[in-house]
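Engineer: One structure coming up, written as structure tokens, with questions to follow.
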Amino acid sequence: MSLALNTKHLSSFINEEEYKAIYPQVEAAHKTLEAKNGPGSDFLGWMYLPRDYDKEEFERIKAAAAKIREDSDVLVVAGIGGSYLGARAVIEAVKGMYHNELDNGLKIYFCGNSISPTYLNDIITLCKGKRFSINVISKSGTTTETSLAFRVLRGMMERRYGKEAAERIYCTTDRARGTLKSLADREGWQTFVIPDDVGGRYSVLTAVGLLPMAVAGIDIDAVLAGAQKAMTELDNDDFSHNPCYRYAALRNILLRRGKAIEIYASYEPRFTQMGEWLKQLYGESEGKDGKGLFPASVAFTTDLHSMGQFIQDGSRNLFETVIDFISPAADLTVEEDPENLDGLNFLSGMAMRQINRRAMQGTILAHTRGGVPNLVLEVPAINEEEYGYMVYFFMLACGISGYLLGVNPFDQPGVEAYKKNMFALLGKPGYE
Ligand code: PA5
């Protein structure tokens, strides 16, 4: 098993009886997912995707990525929510936050995830004088933020490349429906499919995530291999062998105890975007019908100097899920300094990895004593396979957890409210 759940810091908060009491509900949630007869069951395609993915399209993704790496200096990815967060999270986790600066080759920038003209203008500036391609990603094909950015970028591309622009636009969207699909067919852009039965926030293992990842030089075979391993290992309702179901159960037990905020914490800044992906996955899946845990994320030790005070000492309605990467991607050793003016010689000869671990252990102890339950998910390393495993783990846990909560974890009715108001204010026909 790649990922392990360490619950030793929970013993003063949750007892074995509570586990036992919730177990029949977990079993029922598992059966509902397997039988595909629960709410949102039309959107369970992600469950077997690591095995049943479209092999022909997978090869096309690799070929398109190779072409983009060959003929472009920049790939601009336009998408929002589930249509960009997963790819960005995996790229930054595996290649590092400064992958664009550290890699000599192609740069990847994300846009279409806001309506800020300032942000989009920065992306345009970054493309100036560079050979660029666009990957526009939208399942509905009508999302305002993405469509707007794409309209601007497409205009820029057509002015620059003329007819050749069609060779540089890659469109990831619905198989048959939507404006984007119609446009792509008319203009002859290469298209990739978001399967009907996979919702946005569960789509990271489709072309939505895989094409930008492959362009970034991520080994997408290894990502899928990790996800497939998770799919096989986690497909059982035996609590003692299923950290995923235990995690889903624990967060529901804690919620029922009034711990309404879950904070995802990591001691690796590379995990920051994964925190964003998790917030979207859990926030949009569970926050409905007046229910749900509010997901938050922090990067430690950085945020111990901002949110640390609150977590230690503020309202006691929180718990933390710590993602502990056992082996960091790189390490450094502290050198001895004969003068020791900074007083750090007590750390001489120590690996920074060890210092970071001590910081984690000390913080978990302090927060737990302060009344904040801590769950720890131990991940052996930061690489493609572990990330594939981890994203599948969290998606499955989200499905089980949503059913335990009594909501449909696969819809998002609440996101329409702001759109209706915005369209009315903008005078969109039909919204007056
Ligand atoms: O999870 C979801 O369904 C959403 O976050 C969508 O991914 C997001 O709203 C973008 O939608 P679309 O891909 O249709 O542009």
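Engineer: For the pairs K107/K229; K55/K95; K67/K107; K181/K288; K107/K130; K291/K420, flag any whose C-alpha to C-alpha distance is greater than 19 Å. If you can, show how the numbers build up before the last one.
Structural biologist: On the way: K107/K229 31 Å; K55/K95 25 Å; K67/K107 14 Å; K181/K288 30 Å; K107/K130 10 Å; K291/K420 23 Å.
From the list (K107/K229; K55/K95; K67/K107; K181/K288; K107/K130; K291/K420), the Cα-Cα distance tops 19 Å for K107/K229; K55/K95; K181/K288; K291/K420.
Engineer: While we're looking at this one, here's another question. May I ask you to derive the FRET efficiency for I326 and L426 from their Cβ-Cβ distance with R0 = 51 Å, giving the value to the nearest 0.05?
Structural biologist: Values: r = 50 Å, r/R0 = 0.98.
Plugging the Cβ-Cβ distance into 1/(1 + (r/R0)^6) gives 0.55.
Engineer: Hey, what do the phi angles of the stretch 28-44 turn into as Karplus ³J(HN,Hα) couplings, whole Hz, using 6.51/-1.76/1.60 and θ = phi - 60°, x for Gly and Pro?
Structural biologist: Values, residue by residue: 5, 4, 4, 5, 4, 5, 4, 7, 6, 10, x, x, x, 5, 6, 10, 10 Hz.
Engineer: What's the extension gain from S348 to K62 if we count 0.36 nm per residue and subtract their Cα-Cα distance?
Structural biologist: Working: separation 286, 0.36 × 286 = 102.96 nm, distance 4.60 nm.
Between S348 and K62, full extension yields an extra 98.4 nm.
Engineer: Once you mark the trypsin sites (Lys or Arg not before Pro) that are in a DSSP loop and have at most 15 other Cβ atoms within 10 Å, what is the longest gap between them in the chain?
Structural biologist: Values: sites that count: K36, K128, K130, R131, R175, R177, R257, K291, R316.
Answer - 317-432.
Engineer: If you fit an axis through the alpha-carbon atoms of helix 272-286 and take the longest principal axis of the Cα set of the chain, what angle between them do you get, 0 to 90°, nearest 10?
Structural biologist: With both axes taken from Cα atoms, the answer is about 90 degrees.
Engineer: Still on this structure, I have one more. Accessible area per residue of the stretch 38-109 at 1.4 Å probe, in Å²?
Structural biologist: Working: 3020 Å² over 72 residues.
Per residue, the stretch 38-109 has 42 Å² of solvent-accessible surface.
Engineer: If you don't mind, there's one more thing I want to ask. Let me see the pair-distance distribution of the stretch 268-352: every alpha carbon pair, 10 Å bin width, integer percents in order.
Structural biologist: Result returned by the calculation: 14, 31, 30, 16, 7, 2, 0.
Engineer: Oh, and also: Tell me, Kirkwood radius of the stretch 230-271 from alpha-carbon pair distances, in Å? It would help to have the intermediate numbers written out before the result.
Structural biologist: Working: mean 1/r = 0.0821 Å⁻¹.
Answer for the stretch 230-271: a Kirkwood hydrodynamic radius of 12.2 Å.
Engineer: Need the C-alpha centroid separation for the stretch 163-216 versus the stretch 311-332, integer Å.
Structural biologist: Here the two parts' Cα centres lie 36 Å apart.
Engineer: Further, regarding this structure: Accessible area per residue for the stretch 122-185 in Å², computed with a 1.4 Å probe and the full protein assembly in place, what is it? Kindly include the intermediate steps, with their values, before the conclusion.
Structural biologist: On the way: 3040 Å² over 64 residues.
Roughly 47 Å² per residue, with all protein chains present.
Engineer: Taking N as the number of residues in the stretch 1-96, what is its alpha-carbon radius of gyration divided by 2.2 N^0.38 Å? Numbers along the way, then the final one.
Structural biologist: Working: Rg = 20.4 Å, N = 96, 2.2 N^0.38 = 12.5 Å.
Ratio of Rg to 2.2 N^0.38 Å for the stretch 1-96: 1.64.
Engineer: Among A351, A66, A299, which one moves the most in a GNM of the chain with springs linking Cα atoms closer than 10 Å?
Structural biologist: A351
Engineer: Here is a further query. Can you give me the long-range amide H partners of F192? Hydrogens built in the peptide plane at 1.01 Å from N, cutoff under 5 Å, separation of 5 or more residues or another chain.
Structural biologist: Amide H neighbours of F192, under 5 Å, 5+ apart: C171, T172, T173.
Engineer: Based on a Kirkwood Rh over C-alpha pairs, give the Stokes-Einstein translational diffusion coefficient of the stretch 261-416 at 37 °C and viscosity 0.692 mPa s in µm²/s.
Structural biologist: Numbers: Rh = 17.3 Å.
Calculated translational D: 190 µm²/s.
Engineer: Still on this structure, please answer the following. Shape call for the stretch 304-381 from the C-alpha gyration tensor, a ≥ b ≥ c root eigenvalues: rounded (a/c under 1.5), prolate (a/b greater than b/c) or oblate?
Structural biologist: Cα axes put the stretch 304-381 in the oblate bin.
Engineer: For the stretch 84-92, just list the computed ³J(HN,Hα) in residue order, Karplus coefficients 6.51, -1.76 and 1.60, θ = phi - 60°, integers in Hz, with x standing in for Gly and Pro.
Structural biologist: Rounded to whole hertz, the list is 7, 4, x, 4, 4, 4, 5, 4, 5.
Engineer: Moving on to the next point. Determine which aspartates and glutamates satisfy two conditions relative to K62: a Cα distance under 15 Å, and not lying fewer than 8 residues away in the same chain.
Structural biologist: Within the straight-line limit of under 15 Å, K62 reaches these aspartates and glutamates: D54, E70, D71, D219, D221.
Engineer: Given the Cα-Cα distance of T125 and N317 and 0.36 nm per residue of separation, how much length would full extension add, in nm? Present the calculation step by step, with values, prior to reporting the outcome.
Structural biologist: Working: separation 192, 0.36 × 192 = 69.12 nm, distance 4.42 nm.
64.7 nm is the gain from fully extending T125 to N317.
Engineer: Right, here's the next one. Would you mind getting me the FRET efficiency between T232 and D197? Use the beta-carbon distance for r and R0 = 25 Å, nearest 0.05.
Structural biologist: Details: r = 20 Å, r/R0 = 0.81.
The computed FRET efficiency comes out at 0.80.
Engineer: With charges set only on the Cβ (+1 for Lys and Arg, -1 for Asp and Glu), what does the dipole of the chain come to about its Cα centre, in debye to the nearest 20?
Structural biologist: Numbers: 46 positive and 56 negative charges, 271 e Å.
My answer is approximately 1300 debye.
Engineer: Explain nothing, just the number: dipole magnitude of the stretch 270-343 about its Cα centre with +1 on each Lys and Arg Cβ and -1 on each Asp and Glu Cβ, in debye rounded to the nearest 20. All intermediate terms of the calculation are to be shown ahead of the outcome.
Structural biologist: On the way: 5 positive and 14 negative charges, 155 e Å.
Dipole size: approximately 740 debye.
Engineer: First compute the accessible area of the chain with a 1.4 Å probe, then give the percent of it belonging to carbon and sulfur atoms.
Structural biologist: Values: 9950 of 18850 Å².
The C+S portion of the solvent-accessible surface of the chain is 53 percent.
Engineer: Could I have the simple spin-label model distance between R51 and A359, label points 7 Å from Cα toward Cβ, reported in nm to one decimal?
Structural biologist: 4.2 nm
Engineer: What does the convex hull of the Cα atoms come to per residue for the chain, in Å³?
Structural biologist: 168 Å³
Engineer: Sticking with this structure for a sec: Out of every Cα-Cα pair in the stretch 218-302, what percent are more than 22 Å apart? Don't skip to the answer; put the middle values down first.
Structural biologist: Values: 1530 of 3570 pairs.
Pairs farther apart than 22 Å: 43 percent.
Engineer: Return the loop-located chymotrypsin sites (Phe, Trp or Tyr not before Pro) in the stretch 1-100 (DSSP other than H, G, I, E, B) with at most 15 other Cβ atoms within 10 Å of their own Cβ; answer none if there are none. Mind dumping the intermediate values first?
Structural biologist: Working: sites: F13, Y19, F43, W46, Y48, Y53, F58, Y84, Y98; in loops: F13, Y48, Y53, Y84, Y98.
Passing both the DSSP loop test and the Cβ count: Y48, Y98.
Engineer: Nearest 500 deg cm²/dmol is fine: what mean residue ellipticity at 222 nm does the chain get from its DSSP H runs of n ≥ 4 alone, each adding -39,500 (n - 2.57), divided by its residue count? Don't skip to the answer; put the middle values down first.
Structural biologist: Working: 16 runs with 203 residues, N = 432.
It lands at -15000 deg cm²/dmol.
Engineer: Taking a ≥ b ≥ c as the square roots of the eigenvalues of the Cα gyration tensor of the stretch 130-223, is the shape rounded (a/c under 1.5), prolate (a/b larger than b/c) or oblate?
Structural biologist: Because a/c hits 1.5 or more and a/b fails to exceed b/c, the stretch 130-223 counts as oblate.
Engineer: How tilted is helix 243-256 with respect to the longest principal axis of the chain? Cα atoms for both, answer in degrees (0 to 90, nearest 10).
Structural biologist: 80 degrees
Engineer: Give me the Kirkwood hydrodynamic radius of the stretch 134-180 in Å, from all C-alpha pairs, to one decimal place?
Structural biologist: Mean inverse Cα-Cα distance, inverted, gives 11.0 Å.
Engineer: Label L341 and T142 with points 7 Å out from Cα along Cα→Cβ: what is the distance between them in nm?
Structural biologist: 6.6 nm
Engineer: For the stretch 1-133, what relative contact order do you get, as a whole percent, if you take Cα pairs closer than 8 Å and at least 6 residues apart?
Structural biologist: Numbers: 76 pairs, mean separation 32.9, N = 133.
So the answer I get is 25 percent.
Engineer: Also: Tell me which of V334, M352, Q280 sits at the most positive position along the dipole axis of the stretch 278-372, charges placed on C-beta atoms (Lys, Arg +1; Asp, Glu -1).
Structural biologist: Q280
Engineer: Let me ask something additional. Beyond 22 Å, what percent of the Cα pairs of the stretch 345-432 remain?
Structural biologist: Values: 2459 of 3828 pairs.
When all Cα pairs of the stretch 345-432 are counted, 64 percent exceed 22 Å.
Engineer: So what is the accessible area of the stretch 351-432 per residue, in Å², with the probe set to 1.4 Å? Spell out each step's value before the answer.
Structural biologist: On the way: 3460 Å² over 82 residues.
That works out to 42 Å² per residue.
Engineer: Nearest 10 degrees is fine. How inclined is helix 220-233 to the longest principal axis of the chain, computing both from alpha carbons?
Structural biologist: Taking Cα atoms only, the helix is inclined about 50 degrees.
The values are calculated or read from the model by the stated rules, or taken from the named source; none is laboratory data. In this text, all values refer to a predicted model and were calculated from it rather than measured experimentally. Every residue, glycine as well, gets a Cβ built from its backbone with ideal geometry; the counts of neighbours run over all protein chains shown. Note: areas computed on protein heavy atoms with side chains; ligands, DNA, RNA excluded. Shrake-Rupley method; radii C 1.70, N 1.55, O 1.52, S 1.80 Å.
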